[in-house]
Ligand SMILES: Cc1cc2nc3c(=O)[nH]c(=O)nc-3n(C[C@H](O)[C@H](O)[C@H](O)COP(=O)(O)OP(=O)(O)OC[C@H]3O[C@@H](n4cnc5c(N)ncnc54)[C@H](O)[C@@H]3O)c2cc1C
Ligand code: FES
Ligand code: FES
């Protein structure tokens, strides 16, 4: 059984996996980081988005063994103790979630959008960038508002 | 997913030796192979991850060509200052593939090796008359794409890079399928002066193809109006739940004109 050694949310971990274990399975089932969700079988919904070496990817479409040596950030790695990350805070303030199933992926994508596109995001940019994240509840409107607000809040010295 | 043995060779020679075995597939960005394995549409005994081979994602302008490594991710091509300067149409095409997460993983080599009839990169390769460089030979795009999900690649053959000749101007226009973002129809046009090339993806029953009538008309004068009156025949055009052949054929004309206009013609 292959062993994968990686950094997850700043912690060094080694996990035994099968060659065909997906990164999301290793995170959820081996490391019990169940904040990362699985919403589809077809690599389309984005509920599983995490950051690998600084890039947002779908962890259901990457083998765990491919993450050997990688630096992985999941939704659990965003908050600072009990203090929410500004993007999480913004989703709460703007009612950016209903059932919450899509939310971890939305927030990980949102933080990545800010990294690539900056803190002043217009609605069109946000909607285009959310192409790979599906939500069955909200109609997206408040998600878009939350991301615009979260992006601004991230400017004031918060870590990503 | 059925299980398999996983290999991560450090160079192309080792990778080619591993890939010479039966029931073995290369893994690049995984954005096509892994979904297919997950749905058990395909199964393999060995997966050979090309991610451990250094330098395969390099992007360079070399004289009158742009050379893009097979492992260059879509996001890399979309944001590369070298691509944006030398061949902005290619950067714009890469930016339209799938979604940000797919673009952060999927690669040029994986896309053209897969040769999905609705994929974007095959249109750029054929539309620019690119050369596909493998560990064994150099294959002109005109002889590389062989029909639905079929290419000229043999067993153990690995795409290393794609050499794109630089045109005077070029543009890609895509009518995305609103659900999947793959091309319902996409048209790549390139004006090289002595030659004009028009490649169509998303529409052909045998995958990407060149629209030779359009090329001839545009060679006389590179302007959208040159395409007036050219009717795309529906024979050989795909019909499916998303669009019938007549609609797709019509879209080819519309997208071609828009591409010529966007290229400055
Ligand atoms: C949600 C979603 C949306 C998408 N939307 C689009 C879209 O709009 N347009 C579009 O064009 N594509 C789209 N794609 C496909 C995407 O572009 C894939 O990244 C691409 O088709 C395959 O590239 P890959 O690097 O992921 O290859 P992989 O999945 O790793 O491999 C694909 C195939 O190519 C072979 N291969 C890979 N690299 C090489 C090489 N160097 N030499 C020889 N063989 C090789 C593999 O063995 C495999 O058979 C989408 C995918 C998803 C999941
Ligand atoms: S679980 Fe749906 S994209 Fe990963
Ligand atoms: S809040 Fe329910 S899926 Fe988005």
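So the values come out like this:
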{"item": "For the range B:25-61 versus the range B:64-88, the gap between their alpha-carbon centres in whole angstrom", "result": "20 Å"}
{"item": "Between 0 and 90°, nearest 10: helix A:141-155 axis offset from chain A longest Cα axis", "result": "80 degrees"}
{"item": "Antiparallel DSSP beta bridges within chain B, as percent of all bridges there, nearest 5", "result": "85 percent"}
{"item": "Mean Cα-pair separation over length for the range A:1-157, i.e. relative contact order, pairs under 8 Å, 6 or more apart, %", "result": "25 percent"}
{"item": "Kirkwood Rh, Cα atoms: Rg over Rh of the range B:57-109", "result": "0.95"}
{"item": "Square roots of five times the Cα gyration tensor eigenvalues for the range B:174-213, Å", "result": "23, 11, 5"}
{"item": "Share of Cα-Cα pairs in the range B:1-117 lying beyond 20 Å, as whole percent", "result": "45 percent"}
{"item": "Ordering of B:166-173, A:54-61 by burial proxy (mean other Cβ atoms within 10 Å per residue, highest first)", "result": "A:54-61, B:166-173"}
{"item": "Two-decimal ratio, the protein assembly as shown, of alpha-carbon radius of gyration to 2.2 N^0.38 Å", "result": "1.01"}
{"item": "Mean Cβ neighbour count within 10 Å, used as a protection proxy, ranking B:77-86, B:113-122 highest first", "result": "B:113-122, B:77-86"}
{"item": "GNM top mover of A:41, A:16, A:112 - chain A, alpha-carbon springs below 10 Å", "result": "A:41"}
{"item": "Rg followed by Dmax, in Å, when the range B:59-263 is reduced to its Cα trace", "result": "15.7, 46"}
{"item": "Exercise: per-residue mean of other protein chain Cβ atoms within 10 Å, A:56-67", "result": "6"}
{"item": "Between the range B:92-148 and the range B:167-190, the Cα center-to-center distance that results, in Å", "result": "13 Å"}
{"item": "Relative contact order of chain B, pairs being alpha-carbon contacts under 8 Å that are 6 or more residues apart, as %", "result": "15 percent"}
{"item": "The range B:216-265 versus the range A:59-76: alpha-carbon centroid distance in Å", "result": "43 Å"}
{"item": "Over the protein assembly as shown: helical MRE at 222 nm, DSSP H runs n ≥ 4 each giving -39500 (n - 2.57), nearest 500", "result": "-8500 deg cm²/dmol"}
{"item": "Cα pair distances of the range B:106-201 binned at 10 Å [whole percent]", "result": "17, 48, 29, 6"}
{"item": "Cα-based Rg / Dmax (Å) for chain A", "result": "15.2, 47"}
{"item": "Number of partner chain Cβ atoms within 10 Å, mean per residue of B:99-111", "result": "6"}
{"item": "Where only C-alpha atoms are counted, convex hull volume of the range A:39-126 per residue in Å³", "result": "117 Å³"}
{"item": "Viscosity 1.567 mPa s, temperature 4 °C, Stokes-Einstein D of the range B:5-49 from Kirkwood C-alpha radius, µm²/s", "result": "120 µm²/s"}
{"item": "Chain B: angle of helix B:245-262 to the longest principal axis, Cα-based, in degrees nearest 10", "result": "80 degrees"}
{"item": "Per residue convex hull volume, Cα atoms of the range A:86-155, in Å³", "result": "68 Å³"}
{"item": "Relative contact order (%) - criterion: Cα under 8 Å, at least six apart; region: the range B:123-180", "result": "37 percent"}
{"item": "Ranking of B:43, A:82, A:43 by count of other Cβ atoms within 10 Å, fewest first", "result": "A:82, B:43, A:43"}
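All of the numbers you see were taken from the coordinates with simple rules; none came from a lab. Computed from a predicted model, the values in this text were never measured in an experiment. With ideal geometry, Cβ positions are generated from the backbone for all residues, glycine too; neighbour counts draw on all protein chains shown.
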